[in-house]
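Structure first, then comments.
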Amino acid sequence: MFDYQPWATSFATCVGNCGFWLYCFNRVNALGLPRQTTKRFEKLFVFLCFAIPCLIFALDRVALTHWLAQSSAWWPESAPVFTPWGIFCLTSAAILGPPWLESRRWIWPPDNLLSAQAESFNVAAELKQRGHRATGTRRTDLLHRFPGNEITCLEVNRKQLQLPRPIAGINGLKIGHISDLHFTGHYTLEFYHFIIDQLLALQPDLIVISGDIIDYPRCLPWIEPLLGRLHAPLGCTYVLGNHDKRIVNVCEVTRRLATLGHFDAGRADQLLTLPGGGRIYVTGNERPWFQRHEAKLLLEPFDGTPSGVLEPDKKDANILRLGLSHSPDQIVWARHRKLDLLLAGHTHGGQVRLPGLGPLVSPSRFGSRFASGVFYRAPVLMHVSRGISGTHAFRWRCLPEVSLLSLRC
């Protein structure tokens, strides 16, 4: 007769083991360590997640085999190696499990998301009809053919967001939000041109890029033909991300973007004035990877030269306080600054989203709580983009996205 008790204990132990190492994997990415150090830790955590259970089973093989096959007890006898490890795993499940289950409620958006419309594109198929390719390497070309892989697809969504407070002159403002372009050469120029075509077709008033623009110096010449196309009435504003740090001389990136007229919110603050009289105070945060920001520097309009040093009045009710951050971890900073809206990326939506559970892997101190979507933590409304590209060429139920955010007061 089959006894479920030992198998239930084994399952709970495995869940606790995987949950602990997943917790470590997600949080190490929020420490701002050098990329190579972070990757070594990630590989170590994945290795230990599987190696330790295999080693324990090998050492206590006789006792565990008897327990699973013939016993009806909740716990094995004479398993000196399994016992402390099992207690540790069950304790991890008891401590980490409830917060993780609570975080699943964030999958459902807040009432501030008034409406959302989305249109999906198979970018690879669209480009093939034009005689172009979406993938730039043999490896990426092979992986994008894997059933269910969405790396060469795109979702263009329009979201209406209700701001937490009324702000004069802001109603109807349209912000085009993209993130995580990752110029690596894994995708072609035509792929990115298609993305930019869709963004420009939305006719945003302001364009925002929330980091991870470029990975490799060989792609620096891509900046002008691609990002030079980004034009909007209020301009294009950006911050850098952790992958941009792979460019040894990151000033070469910011110099090229400044030449195009794009504003570097990671270095300074900006005050924008709308034709109807509304005003937007824009500030950026690139921590923990960069700390380039010069406090109190406010520019209007941006022409590459500071127009003066001003102290913005953050208590002014008629200014939209807009924050840009590569990581959603900076929502703590945004709440401290009492920002109205924070735009972030970095997490790629988790790359893989399980039905009913959402994402599991997300490089954040909050785990997968803020992997993608709209969130409200008073007084901040936050939008986290799933991004465009990445170095891991696999996505499942997690389309790359371009977003148009229409603000309502």
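From ALA134, ALA125, ALA168, which residue is open to solvent by 20 Å² or more (accessible area, probe 1.4 Å) and either at pLDDT 95 or above or among the charged types (D, E, K, R) (or both)? Full working, then the answer.
Details: ALA134 fails: open to solvent by 20 Å² or more (accessible area, probe 1.4 Å); ALA168 fails: either at pLDDT 95 or above or among the charged types (D, E, K, R) (or both).
Every option except ALA125 fails the conditions.
Name the strands (runs of 3 or more DSSP E) wholly within segment 356-409 that hold at least 3 residues that are open to solvent by less than 20 Å² (accessible area, probe 1.4 Å) and closer than 16 Å to ILE175 by Cα? Lay out the reasoning, then the answer.
On the way: elements: 373-377, 380-384, 401-408.
Once the strands (runs of 3 or more DSSP E) in segment 356-409 are filtered for at least 3 residues that are open to solvent by less than 20 Å² (accessible area, probe 1.4 Å) and closer than 16 Å to ILE175 by Cα, what remains is 380-384, 401-408.
Looking at the structure I just gave you, is ALA378 closer than 24 Å to TYR23 by Cβ and among the aliphatic types (A, V, I, L, M)? Show your work before the answer.
On the way: closer than 24 Å to TYR23 by Cβ: no; among the aliphatic types (A, V, I, L, M): yes.
No; evaluated as a whole, the condition is false for this residue.
When the residues of segment 248-296 are filtered to those that are part of a loop (DSSP other than H, G, I, E, B) and touching a His at 6+ places or on another chain (Cβ under 8 Å), which remaining residue is most open to solvent (accessible area, probe 1.4 Å)? Spell out the reasoning first.
Applying the first criterion (part of a loop (DSSP other than H, G, I, E, B)) to segment 248-296 yields 248-250, 260-262, 265-268, 274-278, 286-296.
Now narrow it down to the ones that are touching a His at 6+ places or on another chain (Cβ under 8 Å): 266-268, 286, 289.
Numbers: GLY266: 3, ARG267: 61, ALA268: 0, GLU286: 8, TRP289: 25 Å².
The residue in question is ARG267.
The values are calculated or read from the model by the stated rules, or taken from the named source; none is laboratory data. On a predicted model such as this, the values are computed, not experimentally measured, just so you know. Positions of Cβ are backbone-derived with ideal geometry, glycine not excepted, and every protein chain shown enters the neighbour counts. When the accessible area is computed, the model is the full protein with side chains, heavy atoms only, and any ligands, DNA or RNA have been set aside. Shrake-Rupley method; radii C 1.70, N 1.55, O 1.52, S 1.80 Å.
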